[in-house]
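**Student:** Structure provided below as structure tokens; questions to follow.
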Amino acid sequence: MPTSRGSGGRHVTMLTEGTYPHVHGGVSTWCDQLVRGMPEVDFAVLALTGSGREPVTWELPPNVYRHTSFPLWGAGRGPAAGRPTRGRERRRFLDTYERFLLAILDPEAGCDFGEALYALAERARRGRLTAALRSERALRSLMWIWTMPHLPTAAARPTVHDALTATDLLEHALRPLAAKIAEDSVAHAVSSGLATLPALAAQHFEGVPFLLTEHGIYLRERYLGYRTEPQRWPVKALMLGFYRELNSLGYRKADLITPCNQYNRRWEERGGAPVDRIRTVYNGVDPHAFPYTEAEPDVPTLSWAGRIDPIKDLETLIRAYAVSRAELPELRLRLFGPVPAGNEDYRTRLEKLAAELGVTDGITFEGRVSDVARAYAAGNVVVLSSISEGFPFSLIEAMSCGRATVSTDVGGVREAVGDTGLVVPPREPAVMAAAVTELLRDGERRAELGRRARQRVVDRFTLHRSVDGFRQIYRELAGRPAAATREPDDWTVRLTDPWRQEFVGGGSLS
């Protein structure tokens, strides 16, 4: 694959949703590692955002030749976004839309979700989808299908307000269908769900290769999230049905799927992904950037690193801390990481919980830190309390630093940890507290687990191994045969590349 856009060869369009380059976190870290790890490859980043006004929080490297923020909210995009449809065109749209809704709400009806989605994509590309979806006739179609006697939504007696709410959510979710990807590109969606919409359309209309990488299980997280949403059941049934069908379509259509762990792979196989198109590529860290640290803090301390977000279930961690502190009064809990926009109320809830449990004086919210390795070194034990994860960076980073870990049994956690840490059920603070207390009282065991954790990362989960895996995949999808040797070429990172000097540095792998 040529290294220059001007040469006419394929390049990579990275499709993100709510992450890189606007938000810090595990998936964003992975995106940045991938881009910087291939300075010889040109990347365009198409980022699905909320309003489009979100700042870029990452310094984009020179090989990102274009970054486009595509907002899901605000005014509709496109020169004809408000133009109404007329006559036969309106009838064709309503036929398509009703087949689309039936595919979502009544899978037994035999309507093809993909066929209907591509028809909507064609309209979105002409700037005509928003007005059509928001028309009175489209609302009537939704109400008619919702109230079909054999569908469970009929018993909920959906209202016009429900239809307006669902239409609004669905219209915004479908907006990425209008995003164009260059025909000489490999489309790389770094999550399932909405980020796959431009890739599916580009694959269907222009034959653009489509690569799908999953970190967390997108569909599972949508189900978890909608449990607490205020909408009524008909709205949730429509949106969750949409995400289910979109997820399955992405699995079936992707030219290659690269889960970051075997747990994700099993979900994808159950979701309809062809087994011969799945290739596991583990996340990796640079052992030099996260060096082994034997020294521990003087005061017994638990360390956590990540973004302050409900999916991380920090309530369970704080409750577990309160239980452990009752036995170890000097114990401290240090939480390292930012509060993403919109999660301020969650941070307030955590502070109130700490106050109710009487442990406020032992908990510190450290905010985002530039040297994450120091955050892990700040604890005797590193904890992870999430209810959903892919292959968590915070875990393998902590392991690289030689820290014993206590983490919840979600996603690829067991694959990451192996026998180098303790894994406990999610949402069980008493069990987590018992594991934490056990390790804090046994310094010799902590040290041994930490040494084994470091070696596990060096043996299996290095950044070089991960980036090189995707380099081979990009080459394959671009139509070039994979290289049989490790000699440097235009798709091989040289040890003298500036990014390695800046981000790797010196040091021993021991």
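The values are calculated or read from the model by the stated rules, or taken from the named source; none is laboratory data. Small disclaimer: the values here were computed from a predicted structure and weren't measured. Every residue, glycine among them, receives a Cβ derived from its backbone with ideal geometry; neighbour counts consider all protein chains shown. Each accessible area value is taken on the protein alone, full model and side chains, heavy atoms only, with ligands, DNA and RNA left out. Shrake-Rupley method; radii C 1.70, N 1.55, O 1.52, S 1.80 Å.
**Student:** Check segment 364-384 and report whether any residue there is out of contact with any Phe, Trp or Tyr (no Cβ under 9 Å at 6 or more places or on another chain), of a type in the set (A, V, I, L, M) and open to solvent by 50 Å² or more (accessible area, probe 1.4 Å).
**Tutor:** No - not one qualifying residue is present in segment 364-384.
**Student:** Now for a separate question. Got at least one residue in segment 286-309 being part of a helix (DSSP H, G or I), surrounded by fewer than 18 Cβ atoms within 10 Å (Cβ to Cβ) and not hydroxyl-bearing (S, T, Y)? Give the derivation first.
**Tutor:** At the first step, the residues of segment 286-309 found to be part of a helix (DSSP H, G or I) are none.
Scanning segment 286-309 turns up no residue that is part of a helix (DSSP H, G or I), surrounded by fewer than 18 Cβ atoms within 10 Å (Cβ to Cβ) and not hydroxyl-bearing (S, T, Y).
**Student:** Among the residues of segment 348-363, write down those that are surrounded by fewer than 16 Cβ atoms within 10 Å (Cβ to Cβ) and under 15 Å from I308 (Cα atoms).
**Tutor:** Of everything in segment 348-363, those that are surrounded by fewer than 16 Cβ atoms within 10 Å (Cβ to Cβ) and under 15 Å from I308 (Cα atoms) turn out to be T348, R349, E351, K352.
**Student:** Any idea which residue in segment 270-285 is nearest to R403 (Cα to Cα), counting only those that are open to solvent by less than 40 Å² (accessible area, probe 1.4 Å) and outside any loop (DSSP other than H, G, I, E, B)?
**Tutor:** Checked segment 270-285; the qualifying residue nearest to R403 (Cα to Cα) is V285.
**Student:** Run down R374, R334 and say which single residue is among the charged types (D, E, K, R), free of Cβ contacts under 8 Å to residues at least 12 places away in the same chain and closer than 21 Å to A295 by Cα.
**Tutor:** Details: R334 fails: free of Cβ contacts under 8 Å to residues at least 12 places away in the same chain.
Matching residue, one of R374, R334: R374.
**Student:** Kindly provide the set of residues from segment 223-264 that are more than 23 Å from F113 (Cα to Cα) and assigned to a helix (DSSP H, G or I), ordered by number.
**Tutor:** So in segment 223-264, the residues more than 23 Å from F113 (Cα to Cα) come out as 224-225, 227-232, 258-264.
Selection gives L224, G225, Q262, Y263, N264.
**Student:** Between residues in segment 286-303 that are touching a residue at least 12 places away in the same chain (Cβ under 8 Å) and of a type in the set (A, V, I, L, M) and residues that are in a loop (DSSP other than H, G, I, E, B) and open to solvent by 40 Å² or more (accessible area, probe 1.4 Å), which pairs lie under 8 Å by C-beta distance while being six or more apart or on different chains?
**Tutor:** Short answer, once both residue conditions are applied: A289/G505; V299/E330.
**Student:** Right, another one. Can you pull out the residues in segment 138-163 that are in contact with a Lys or Arg (Cβ under 9 Å, 6 or more places away or on another chain) and open to solvent by less than 100 Å² (accessible area, probe 1.4 Å)? Reasoning before the result, please.
**Tutor:** Keep residues of segment 138-163 that are in contact with a Lys or Arg (Cβ under 9 Å, 6 or more places away or on another chain), which gives 147, 156, 158-159, 161-163.
Within segment 138-163, T147, A156, P158, T159, D162, A163 qualify.
**Student:** Next question. Of (1) at pLDDT below 95; (2) polar (S, T, N, Q); (3) open to solvent by less than 20 Å² (accessible area, probe 1.4 Å), N343 satisfies all except one. Which?
**Tutor:** Result: N343 passes all but (3).
**Student:** A follow-up question, please. Take the conditions surrounded by 15 or more Cβ atoms within 10 Å (Cβ to Cβ) and within 30 Å of C31 (Cα to Cα) and apply them to S135. Does it pass?
**Tutor:** Working: surrounded by 15 or more Cβ atoms within 10 Å (Cβ to Cβ): yes; within 30 Å of C31 (Cα to Cα): no.
Criteria not met by S135.
**Student:** Could you please give the count of residues in segment 186-212 that are open to solvent by 10 Å² or more (accessible area, probe 1.4 Å) and within 20 Å of N264 (Cβ to Cβ)?
**Tutor:** Final tally of qualifying residues: 1.
**Student:** Among the residues of segment 304-322, what is the count of those that are free of Cβ contacts under 8 Å to residues at least 40 places away in the same chain and on the phi > 0 side of the Ramachandran plot?
**Tutor:** So the count comes out to 0.
**Student:** Check off (1) at pLDDT 95 or above; (2) surrounded by 20 or more Cβ atoms within 10 Å (Cβ to Cβ) for N63 and give me the number that stays unchecked.
**Tutor:** Failed condition: (2).
**Student:** Answer yes or no as to whether L317 is more than 20 Å from the chain's Cα centre (by Cα), within 30 Å of S191 (Cβ to Cβ) and not basic (K, R).
**Tutor:** Values: more than 20 Å from the chain's Cα centre (by Cα): yes; within 30 Å of S191 (Cβ to Cβ): yes; not basic (K, R): yes.
For L317, the condition - more than 20 Å from the chain's Cα centre (by Cα), within 30 Å of S191 (Cβ to Cβ) and not basic (K, R) - is met.
**Student:** Taking C111 and the conditions (1) open to solvent by 10 Å² or more (accessible area, probe 1.4 Å); (2) farther than 25 Å from Q231 by Cα; (3) assigned to a helix (DSSP H, G or I); (4) free of Cβ contacts under 8 Å to residues at least 60 places away in the same chain, which numbered condition does it fall short on, given that it satisfies the others?
**Tutor:** (3)
**Student:** Now a separate question. Looking at (1) over 15 Å from L48 (Cα atoms); (2) open to solvent by 30 Å² or more (accessible area, probe 1.4 Å); (3) at pLDDT 95 or above, which is the only condition E183 fails?
**Tutor:** Of (1) over 15 Å from L48 (Cα atoms); (2) open to solvent by 30 Å² or more (accessible area, probe 1.4 Å); (3) at pLDDT 95 or above, only one is false for E183: (3).
**Student:** Is it true that A131 is part of a helix (DSSP H, G or I) and touching a residue at least 40 places away in the same chain (Cβ under 8 Å)?
**Tutor:** On the way: part of a helix (DSSP H, G or I): yes; touching a residue at least 40 places away in the same chain (Cβ under 8 Å): yes.
So A131 passes the test.
**Student:** Is it the case that segment 177-198 has a residue that's outside any loop (DSSP other than H, G, I, E, B) and closer than 26 Å to T153 by Cα? Walk me through how you get there before you give the answer.
**Tutor:** Taking segment 177-198 first, the residues outside any loop (DSSP other than H, G, I, E, B) are 177-178, 185-189, 193-198.
Okay, now just the ones that are also closer than 26 Å to T153 by Cα, so 193-194.
The answer is yes; a qualifying residue exists.
**Student:** Which of the residues that make up segment 407-429 are surrounded by fewer than 20 Cβ atoms within 10 Å (Cβ to Cβ) and closer than 21 Å to E221 by Cβ?
**Tutor:** Once the filter is applied, which keeps residues that are surrounded by fewer than 20 Cβ atoms within 10 Å (Cβ to Cβ) and closer than 21 Å to E221 by Cβ, segment 407-429 yields D409, R414, E415, V423, P425, P426, R427, E428.
**Student:** Now for a different question. Go through T485, T420 for me and flag whichever is at pLDDT 95 or above, in a loop (DSSP other than H, G, I, E, B) and of a type in the set (S, T, N, Q). Even if it seems obvious, please write down each step before you answer.
**Tutor:** Numbers: T485 fails: at pLDDT 95 or above.
Exactly one of T485, T420 is at pLDDT 95 or above, in a loop (DSSP other than H, G, I, E, B) and of a type in the set (S, T, N, Q), namely T420.
**Student:** Quick one: in segment 12-68, which of the residues that are in a strand (DSSP E or B) and of a type in the set (V, I, T) is nearest to T196 (Cα to Cα)?
**Tutor:** T16
**Student:** Can you confirm whether L169 is under 30 Å from A44 (Cα atoms), open to solvent by less than 10 Å² (accessible area, probe 1.4 Å) and not β-branched (V, I, T)? Before the answer, list the steps.
**Tutor:** Details: under 30 Å from A44 (Cα atoms): yes; open to solvent by less than 10 Å² (accessible area, probe 1.4 Å): no; not β-branched (V, I, T): yes.
Judged against the criteria, L169 is not a match.
**Student:** Scan segment 443-463 and tell me whether some residue there is open to solvent by 80 Å² or more (accessible area, probe 1.4 Å), at pLDDT 95 or above and part of a loop (DSSP other than H, G, I, E, B).
**Tutor:** Within segment 443-463, not a single residue is open to solvent by 80 Å² or more (accessible area, probe 1.4 Å), at pLDDT 95 or above and part of a loop (DSSP other than H, G, I, E, B).
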